[in-house]
1. I need the full set of residues from the stretch 202-232 which are free of Cβ contacts under 8 Å to residues at least 60 places away in the same chain and of a type in the set (Val, Ile, Thr), in order please.
2. Name the residue that is modelled with the lowest pLDDT, counting only residues in the stretch 316-327 that are more than 18 Å from residue 250 (Cα to Cα) and open to solvent by less than 60 Å² (accessible area, probe 1.4 Å).
3. For residue 198, state whether it is small (Gly, Ala, Ser), free of Cβ contacts under 8 Å to residues at least 40 places away in the same chain and not in a strand (DSSP E or B).
4. For the stretch 200-213, which positions are surrounded by fewer than 19 Cβ atoms within 10 Å (Cβ to Cβ) and either small (Gly, Ala, Ser) or more than 17 Å from residue 274 (Cβ to Cβ) (or both)?
5. Please determine, by comparing only the residues of the stretch 405-425 that are in a loop (DSSP other than H, G, I, E, B), at pLDDT below 85 and charged (D, E, K, R), which one is farthest from residue 489 (Cα to Cα).
6. Can you give me the number of residues within the stretch 357-382 that are modelled with pLDDT under 90 and crowded, with 16+ Cβ neighbours inside 10 Å?
7. Output the residue which, of all residues in the stretch 225-234 that are on the phi < 0 side of the Ramachandran plot and outside any helix (DSSP H, G or I), is surrounded by the fewest Cβ atoms within 10 Å (Cβ to Cβ).
8. Out of curiosity, is residue 297 surrounded by fewer than 16 Cβ atoms within 10 Å (Cβ to Cβ), within 24 Å of residue 416 (Cα to Cα), without any contact (Cβ under 8 Å) to a residue 12 or more places away in the chain and out of contact with any Ser or Thr (no Cβ under 8 Å at 6 or more places or on another chain)?
Amino acid sequence: MRRSQLIITGLMLMLLLGAALAAPRPASYGAVPWFGWGGLIVFIMLLGFVGIRLDTVGRRQRVLAAVEEAGKSFRAEAAEAPFPIVDPEGPAYPHPVINPQTCIGCHACVEACPHDVLAIVNGIATTVAVEQCMEDTSCQVECPTNPKSCIVVNTTKKIAERKVPRRDQRFMTDVPGLYLIGDVSGVPLIKNAINEGGAVIDYICEELARERPNGAAEYDVAIIGIGPAGLSATAVARQRGLKYIAIEQDQVVATIQQTYPAGKYVFFKPETLETKGGIALAGPGATKEEMIKSWMETVSSLNLQINEYEACKRVKREGGVFIVETEQERSKQRFQYKARRVVIAIGNRGAPMKLRVPGEDLKIKVTPTQAVLPAFCTRCGTRREGENKFCHECGTKYVAVIPPPYEEEKTKYRLVDPNAYRGKHLAVIGAGNSAVEAAIDLAAYRSADGTKIVGWRDNVVTLVIRSDFKSDLKLGNKMMVYECIDEGRIKAYFRTTVKEITETELILMDARERDPKTAPEKARIKNDFVFALIGGEKPTGFLESIGVKIG
């Protein structure tokens, strides 16, 4: 019953009661006295009020339950399709917005974007082609800062969580005795990497002190990857008196060397974080050269032994020790090291991306002409350290010999030494800074600061580019590569890709063709070596192969 109906009914009953009281009162009516009838009327009214009250309470509870259920459903739907963050000053369609105050310039968002919307400008990620955004959202996913420095606005897409390797507070992975530090852990900060490198060795020292020595292990710790994190760990291991083996597939701090241009001033973010590892990083920032010089002085002063250009191929655990299998890039020699602990500091870029074309796995026979010192002592078998000419164990003099002929991969995924190629027909595949710099170095000699060309090599260099030069190509690199093209030292093929690699030739096709088997040839050029510099895949496969969980 509605409230208005209840009020009208009550008024009518009150009028009837008043009329009854005002009329002459018979002694009784129907054998019931007048006051009996009055009490009956009041009882009926009270009974009606109670019924209405109970009905109202029930209806209210049902409405509240329905509202609560609707609220739960709305919250669930909101979680599935979050309300978009809106940029009132930018375009209405989805696009990334960068917070310059928290961006660390790690290139993660730039490399993740498949449409060249972002670029690094003055060390900070910047939106340079907002109209090209296709709402991929991978830029926000790969941003490692917390909170995110790269946010895709005006989108209702659900942004996936960034998957990083699992490790505990002491940097140990799901594999007991195997640790993960630096960029590969998901936080690409130089300061953070240095601190983790120092801290992980202290944790290992504590653990080894509680264990009995293991005679099957040659080393206390194997450190794989010598960037800022690995170099810091190596320095602290040397200071703590641990027997270590340090392995780097490129050169020491190669990522820093290759990422930043000459003279680049690097800001050490965050400003409030102090470094406590094995290498120095003082002040708000420094040029790349000053930073690397300081680290190399530490290498020299501590006499750190680092195996450069030696790639880790496998890590396995047997009998309580880790067996680390490696391969030296130049000689192709394979080595095994047994260690009680392993520290992985390989950075966030693992195996190079492949062209996936016929002939990519071709090997060619190479006959060396230059004598080199042996890797091991011919008398006692001790590994030669650095450029030592005498064995530090037995004193035997190393005698330089010409290595025997060996097979070498025709397709390479990094340029180690441009001076190793003379009078060759060389092809570089890629449009980024590393590819362009490799093409320049194979075609010309650069000044000490790397800013201008001072001479020409006798190689014939071809540069194969799928579309055009990348938007974040450094201005200096673009100027020098165009100078090489204008001088006829580099032949550039734009909107072109590789169809097939043969022993003596490189076959090209139009990049718009989808099937290399049926695509017509665009060009066929003489070729000795191919450098596929099209980026690197994350080391997820390598980490999972050694038992590290990603999630």
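The values are calculated or read from the model by the stated rules, or taken from the named source; none is laboratory data. From a predicted model like this one, the values you see are computed outputs, not experimental measurements. No Cβ is skipped: glycine too gets one built from the backbone with ideal geometry, and neighbour counts run over all protein chains shown. Accessible surface is based on the protein model in full, side chains and every heavy atom, while ligands, DNA and RNA are left aside. Shrake-Rupley method; radii C 1.70, N 1.55, O 1.52, S 1.80 Å.
1. Matches in the stretch 202-232: none.
2. Taking the stretch 316-327 first, the residues more than 18 Å from residue 250 (Cα to Cα) are 316-323.
Subset that is open to solvent by less than 60 Å² (accessible area, probe 1.4 Å): 316, 320-323.
Numbers: 316: 92, 320: 84, 321: 93, 322: 95, 323: 95.
Selected residue: 320.
3. On the way: small (Gly, Ala, Ser): yes; free of Cβ contacts under 8 Å to residues at least 40 places away in the same chain: no; not in a strand (DSSP E or B): yes.
Considered against the rule, which asks whether it is small (Gly, Ala, Ser), free of Cβ contacts under 8 Å to residues at least 40 places away in the same chain and not in a strand (DSSP E or B), residue 198 comes out as no.
4. Of the stretch 200-213, the ones surrounded by fewer than 19 Cβ atoms within 10 Å (Cβ to Cβ) are 202-203, 205-213.
Within the stretch 200-213, 203, 205, 206, 207, 208, 209, 210, 211, 212, 213 meet the criteria.
5. At the first step, the residues of the stretch 405-425 found to be in a loop (DSSP other than H, G, I, E, B) are 405, 410, 413-417, 421-424.
Then drop every residue that is not at pLDDT below 85, which leaves 405, 414-417.
Adding the requirement that they be charged (D, E, K, R) leaves 414, 417.
Values: 414: 20, 417: 19 Å.
This residue is 414.
6. Within the stretch 357-382, residues that are modelled with pLDDT under 90 and crowded, with 16+ Cβ neighbours inside 10 Å number 1.
7. First pass over the stretch 225-234, keeping only residues on the phi < 0 side of the Ramachandran plot: 226-234.
After this cut, where a residue has to be outside any helix (DSSP H, G or I) as well, the list is 226-227.
On the way: 226: 28, 227: 26.
In this case the residue turns out to be 227.
8. Values: surrounded by fewer than 16 Cβ atoms within 10 Å (Cβ to Cβ): yes; within 24 Å of residue 416 (Cα to Cα): yes; without any contact (Cβ under 8 Å) to a residue 12 or more places away in the chain: yes; out of contact with any Ser or Thr (no Cβ under 8 Å at 6 or more places or on another chain): yes.
So residue 297 passes the test.
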